[in-house]
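The values are calculated or read from the model by the stated rules, or taken from the named source; none is laboratory data. What you see is a predicted model, and the numbers here were worked out from it, not measured in a lab. Reconstructed Cβ throughout: ideal geometry from the backbone, glycine too, with neighbour counts over all protein chains shown.
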Amino acid sequence: MPEQDGRPVVGRASELRREAPAQPRQVRVDRAVMAHHEPRDEPEYRVVDLAPLRDRERAATLGRSDLERPGPAECLFAHDLRDEQLGRHGLDLLCLDLARGRTRERGIVDGVPERLRLRGERRRPDGHVVDRQGQADGEHGEAERDQGRDGPDGELHAAQSVPPALADNRRMRALVVGGTGFIGPAVVRGLLAVGHDVAIFHRGEHELELGEVAHVHGDRSRIRDHRDAFARFRPDVAIDMRAMTEADARGTVDAVRGIAARVLAVSSMDVYRAYGRLQSSEPGPLEQLPLTEDSPLREHLYPYRDHTPAGIGQRPPWLDAYDKILVERAVLGTPGIAGTVVRLGMIHGERDTQRRFYGEWKRMADGRPAILMTERAWAFRASRTHLANVAHAIVLAATNERAVGRVYNVAEEQALSYREWAALMAQVMGWKGELVAAENERLPAHLRDDAHTTYEQHLVGSTERIRRELGYAEVVGREEGLRRALEWYAQAPAPDPPGDEKAEYAAEDAALVTLRGSAVLKG
């Protein structure tokens with residue numbers, strides 16, 4: 001059972017570090033002075049989990065011949081809650097890296113003076129750096145500053161503080177809001193795979209085996225009530241997987257502002273004005289493609305107030321207030337916390353409740369002789385990708401400091417037409433039927449486009465920015481991703497509400513009889 005006071009609940013496989021809720025985080029500082037490898041009787045060292053110290057086994061076996069020192073260096077270290085313990089050589093290795101000035105590329109400090117003091121630190125919820133005595137920058141008195149004059153000629157050396165954990169190659173703490181749905185579990189696993197600590201905020205209705213993660217159970221409409229639990233976890237970044245409305249996004253931002261450095265919101269390419277053209281809700285000339293992150297956004301808010309998108313099933317209560325444009329504004333425009341936005345194309349994969357390819361898969365699996373669609377719908381192109389690629393992009397954007405304040409489209413580079421996707425499905429499944437295109441009026445009622453969709457307006461986004469800035473590339477290929485999605489359809493429970501395939505197939509058979517003169521597109 002979850003703790004009633006909102007404290008993180010540790011997963012079954014987890015041995016996550018625990019803190020006494022009433023106790024402030026203690027930071028112990030030890031000092032090491034290296035001088036030309038002269039042996040010293042020094043205390044045991046506890047150090048921050050920084051990139052040069054990740055390989056503990058290698059650090060423990062280094063001999064002094066491996067540590068050719070270019071000159072003297074002085075280092076000051078603090079231990080974190082991880083209590084990583086290293087031998088003398090591991091400590092020497094870090095001092096050596098600092099002395100050689102190689103830490104800039106590792107994301108540890110901005111520069112290395114000849115005599116360097118790397119101060120262990122922590123950050124208060126207000127963002128101030130707290131030093132070894134627990135005081136914030138700017139809170140020291142003259143007496144303490146006088147005591148700190150320990151340089152070679154009496155001056156107080158400027159301490160080089162460790163930057164926030166958003167720096168590359170640093171272990172981070174990520175809070176995932178809504179991490180048990182379609183994409184969330186893949187994001188959690190991706191974060192764990194690269195060594196980050198993860199907590200999930202969710203209702204507790206779908207407990208998944210996700211590895212060493214902490215759980216905070218609660219209703220997202222009251223997410224602000226869980227600030228204390230989030231503060232104990234101390235996330236560097238919050239990733240909101242399920243911000244559907246402005247209220248959702250503002251709740252998350254308020255819940256972690258002053259605790260996390262950044263919020264990443266998962267958005268959609270439906271924010272673009274091209275989507276309004278596609279839905280025929282914003283008449284006008286077709287939008288120029290591909291859509292970049294700077295392309296015009298929709299002018300009309302709340303795109304689903306007058307209809308329910310395909311694949312949603314029972315209309316959810318939040319749909320009237322749904323708008324990712326407002327979600328993005330809340331995340332990117334709130335003072336005191338940085339934001340990042342990823343705009344997703346159409347996503348397929350395991351656990352996809354919208355089942356975007358289900359209708360075609362079902363007909364192929366049932367051995368239907370043909371699949372019918374309007375000519376314009378077959379030709380429609382939209383940016384798509386598999387959920388594993390989306391999760392990879394989210395992890396990159398959440399853990400890379402270059403993504404602060406940025407917006408990224410996420411999808412495959414090439415946008416196939418729906419006909420091309422159906423042909424690929426046929427190839428994967430070994431289906432030998434036909435893809436039939438016909439006028440809307442000649443199709444059975446369940447296949448007609450009564451919404452008068454403007455299929456001439458394709459929804460193709462450019463992903464050049466995330467590839468260039470973050471080095472994003474797909475981790476799962478197109479055919480393999482489609483295969484995984486189709487295999488999940490075969491194993492998943494039937495849709496709710498279930499379709500009436502018997503009646504639909506009878507109507508399609510009757511339509512095929514009258515369509516013998518129509519164009520037939522072979523897969």
(request) Test each condition in (1) surrounded by 21 or more Cβ atoms within 10 Å (Cβ to Cβ); (2) in contact with a Leu (Cβ under 6 Å, 6 or more places away or on another chain); (3) in a loop (DSSP other than H, G, I, E, B) for TYR304 and report the one that comes out false. (result) (1)
(message) Out of the residues in segment 465-498 meeting the condition of being among the acidic types (Asp, Glu) and within 18 Å of the chain's Cα centre (by Cα), tell me which one is surrounded by the fewest Cβ atoms within 10 Å (Cβ to Cβ).
(response) GLU469
(request) Determine which member of the set GLY405, GLY430 is under 23 Å from LEU512 (Cα atoms), at pLDDT 95 or above and out of contact with any Cys (no Cβ under 9 Å at 6 or more places or on another chain). (result) GLY430
(request) Keeping to segment 198-214, report how many residues are of a type outside the set (A, V, I, L, M) and surrounded by 22 or more Cβ atoms within 10 Å (Cβ to Cβ). (result) 2
(request) Please work out which residue is nearest to the chain's Cα centre (by Cα), limiting yourself to segment 261-301 and to residues that are in a helix (DSSP H, G or I) and of a type in the set (D, E, K, R). (result) ASP270
(message) List pairs: first residue in segment 471-485 and assigned by TED's automatic domain parsing to the domain that holds LEU387, second residue in a loop (DSSP other than H, G, I, E, B) and aromatic (Phe, Trp, Tyr) anywhere in the structure, Cβ distance under 9 angstrom, at least six positions apart or on different chains.
(response) LEU482/PHE357; ALA485/PHE357
(request) Sort out which residues of segment 274-300 are touching a Leu at 6+ places or on another chain (Cβ under 7 Å) and either among the aliphatic types (A, V, I, L, M) or closer than 28 Å to GLY178 by Cα (or both), and write them in order of number. (result) ALA274, TYR275, LEU278
(message) Just checking, does segment 418-436 include any residue being in contact with a Ser or Thr (Cβ under 9 Å, 6 or more places away or on another chain), over 23 Å from ILE325 (Cα atoms), of a type outside the set (Ser, Thr, Tyr) and assigned to a strand (DSSP E or B)?
(response) yes
(request) Could you identify the single residue in ALA388, ALA393 that is touching a Phe, Trp or Tyr at 6+ places or on another chain (Cβ under 7 Å) and either in a helix (DSSP H, G or I) or over 27 Å from ARG242 (Cα atoms) (or both)? (result) ALA393
(request) Could you list, in sequence order, all residues of segment 474-504 that are touching a helix residue (DSSP H, G or I) at 6+ places or on another chain (Cβ under 8 Å) and among the aromatic types (Phe, Trp, Tyr)? (result) TYR489
(request) Mind listing just one residue for me: the one in segment 307-325 that is aliphatic (A, V, I, L, M) and part of a loop (DSSP other than H, G, I, E, B) and, of those, nearest to ASP450 (Cα to Cα)? (result) ALA310
(request) Test ILE239 against the stated conditions and say whether it is in contact with a helix residue (DSSP H, G or I) (Cβ under 7 Å, 6 or more places away or on another chain), modelled with pLDDT of 95 or more and assigned to a strand (DSSP E or B). (result) yes
(message) Could you list, ordered by first residue, the pairs with Cβ atoms under 6 Å in which the first is in segment 363-376 and on the phi > 0 side of the Ramachandran plot and the second is part of a helix (DSSP H, G or I) and surrounded by fewer than 19 Cβ atoms within 10 Å (Cβ to Cβ), at least 6 apart or interchain?
(response) none
(request) Only residues in segment 303-319 that are acidic (Asp, Glu) count as the first member; pair them with residues that are in a loop (DSSP other than H, G, I, E, B), Cβ under 9 angstrom, at least 6 apart or cross-chain, and list the lot. (result) ASP306/SER281
(message) It is to be established whether one or more residues within segment 233-240 are under 21 Å from THR399 (Cβ atoms), in contact (Cβ under 8 Å) with a residue 24 or more places away in the chain and surrounded by fewer than 17 Cβ atoms within 10 Å (Cβ to Cβ).
(response) no
(request) Hey, can you tell me all the residues within segment 407-435 that are surrounded by fewer than 19 Cβ atoms within 10 Å (Cβ to Cβ) and over 21 Å from GLY349 (Cα atoms)? (result) LYS432, GLY433, GLU434
(message) Residues to consider are VAL253, VAL341, VAL331; find the one that is modelled with pLDDT of 95 or more, part of a helix (DSSP H, G or I) and in the same structural domain as GLU474 (by TED's automatic domain parsing).
(response) VAL331
(request) Those residues that are modelled with pLDDT of 90 or more and surrounded by 13 or more Cβ atoms within 10 Å (Cβ to Cβ), I need them from segment 502-523; list them, please. (result) GLU504, TYR505, ALA507, GLU508, ASP509, ALA511, LEU512
